[in-house]
1. Which of the residues that make up the stretch 196-225 are in a strand (DSSP E or B) and either out of contact with any Pro (no Cβ under 8 Å at 6 or more places or on another chain) or more than 18 Å from M264 (Cβ to Cβ) (or both)?
2. When you look at M127, is it open to solvent by less than 50 Å² (accessible area, probe 1.4 Å), within 21 Å of N207 (Cβ to Cβ) and touching a residue at least 60 places away in the same chain (Cβ under 8 Å), yes or no?
3. From the list P235, P255, P224, P231, exactly one residue is on the phi < 0 side of the Ramachandran plot and touching a strand residue (DSSP E or B) at 6+ places or on another chain (Cβ under 6 Å). Which is it?
4. Being among the hydroxyl-bearing types (S, T, Y), under 19 Å from the mean Cα position of the chain (by Cα) and closer than 21 Å to P87 by Cβ, is that true of even one residue in the stretch 136-158?
5. Run P231 past the list (1) closer than 20 Å to D213 by Cβ; (2) open to solvent by less than 30 Å² (accessible area, probe 1.4 Å) and report the number of the one that doesn't hold.
6. Answer yes or no as to whether V185 is under 13 Å from the mean Cα position of the chain (by Cα), crowded, with 16+ Cβ neighbours inside 10 Å and among the β-branched types (V, I, T).
7. With respect to the numbered conditions (1) more than 17 Å from E183 (Cα to Cα); (2) at pLDDT 95 or above; (3) open to solvent by 80 Å² or more (accessible area, probe 1.4 Å), which one is the sole condition not fulfilled by E277?
8. Give me the pairs: first residue in the stretch 258-269 and closer than 11 Å to G51 by Cβ and open to solvent by 70 Å² or more (accessible area, probe 1.4 Å), second residue among the acidic types (D, E) and assigned to a helix (DSSP H, G or I), beta-carbon distance under 6 Å, and six or more apart or on different chains, which are they?
Amino acid sequence: MNRALKILLPLAVLGVGAGVWLTAPSKVDAARFEALTGDVEAGKTIFTAAGCASCHHAPGSDDKLVLSGGQAFASAFGTFYAPNISPSDAGIGGWSVVDLANAVTQGVGKAGEHLYPAFPYTAYTKMLDQQVADLHAYMQTLPPSDTTSQPHDVGFPFNIRRSLGGWKLLFFSDDYVMSDLPEGVTERGRDLVETLGHCAECHTPRNALGGLDTSRWMAGAPNPSGRGEIPGLTPTQLDWSATDVAYYLESGFTPDYDSVGGHMAEVVENFSKLTPEDREAVAAYVKALPASD
């Protein structure tokens with residue numbers, strides 16, 4: 001027995017050490033941002049396309065540029081509350097562009113903690129360094145709020161932040177799903193759909209651990225709140241033309257003269273502020289999706 005313990009104990013220690021090392025938060029190289037200067041106007045476009053205000057404005061508030069947080073997002077793992085990300089001490093006023101890059105592209109908070117993927121850093125991880133710098137510059141111009149962020153309501157074992165390091169090992173990738181662009185699909189369209197617009201976060205089903213099932217990319221998914229389904233965007237589910245898709249993103253009206261509702265109304269509000277070329281680029285991506293089973 002003692003001999004077995006002498007063998008097993010070092011192995012256990014090595015196993016724990018390896019687990020701690022593998023699940024440690026990964027941060028960006030700060031040197032990449034030293035020579036970058038953020039462009040406020042470009043940052044405003046990124047902010048709009050990414051839908052930052054849609055999730056982070058206060059519930060019921062008419063001023064969506066006051067990013068005081070507080071909206072609740074229910075899921076099978078608990079309820080997540082959008083934090084204050086305004087430029088204040090209660091928000092991210094003290095964050096550098098590197099701090100913001102760690103959060104949006106690596107899912108790591110200023111204190112070095114793993115962030116929950118209810119925040120779609122799994123999509124934002126493909127943002128360019130300049131885009132992050134531009135976004136940071138714009139967000140510093142927004143009004144501050146001193147509202148304290150509400151803690152998430154997440155039970156055991158999902159409240160163990162370090163376990164998110166293991167989740168990232170399984171599901172966190174900066175690869176594009178549409179890696180080879182079909183004819184007519186631009187990098188801008190892919191960036192708006194897969195990165196900034198994070199469309200797959202709602203329109204792609206997830207596995208039991210909450211990772212996106214990329215084999216069913218954009219094929220529709222259960223609503224995380226438990227109410228209804230998020231429709232699929234592949235040709236199997238959506239027979240709209242590219243013109244229909246672009247017009248829907250501008251006006252909120254479907255080809256059948258129905259109007260947008262739910263959280264998608266916020267998406268349309270954001271995309272209606274982009275250029276016609278941007279909406280057409282998104283439509284071209286959607287129409288290039290392969291049929292789903």
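1. R206, L212 - these are the residues of the stretch 196-225 that are in a strand (DSSP E or B) and either out of contact with any Pro (no Cβ under 8 Å at 6 or more places or on another chain) or more than 18 Å from M264 (Cβ to Cβ) (or both).
2. In short, no.
3. P224
4. Taking the stretch 136-158 and keeping what is among the hydroxyl-bearing types (S, T, Y), we get 138, 141, 145, 147-149.
Those still in the list that are under 19 Å from the mean Cα position of the chain (by Cα) too: 138, 149.
This time we only want the ones that are closer than 21 Å to P87 by Cβ, so: 138, 149.
Yes.
5. That leaves (2) as the condition not met.
6. So V185 fails the test.
7. (1)
8. Sorted first by the residue in the stretch 258-269, then by its partner, the list stays empty.
The values are calculated or read from the model by the stated rules, or taken from the named source; none is laboratory data. The model shown is predicted, which means the values in this text are computed figures rather than measured ones. Note that we place each Cβ from the backbone using ideal geometry, even for glycine, and neighbour counts take in every protein chain shown. Surface accessibility is based on the protein's heavy atoms, side chains included, excluding ligands, DNA and RNA. Shrake-Rupley method; radii C 1.70, N 1.55, O 1.52, S 1.80 Å.
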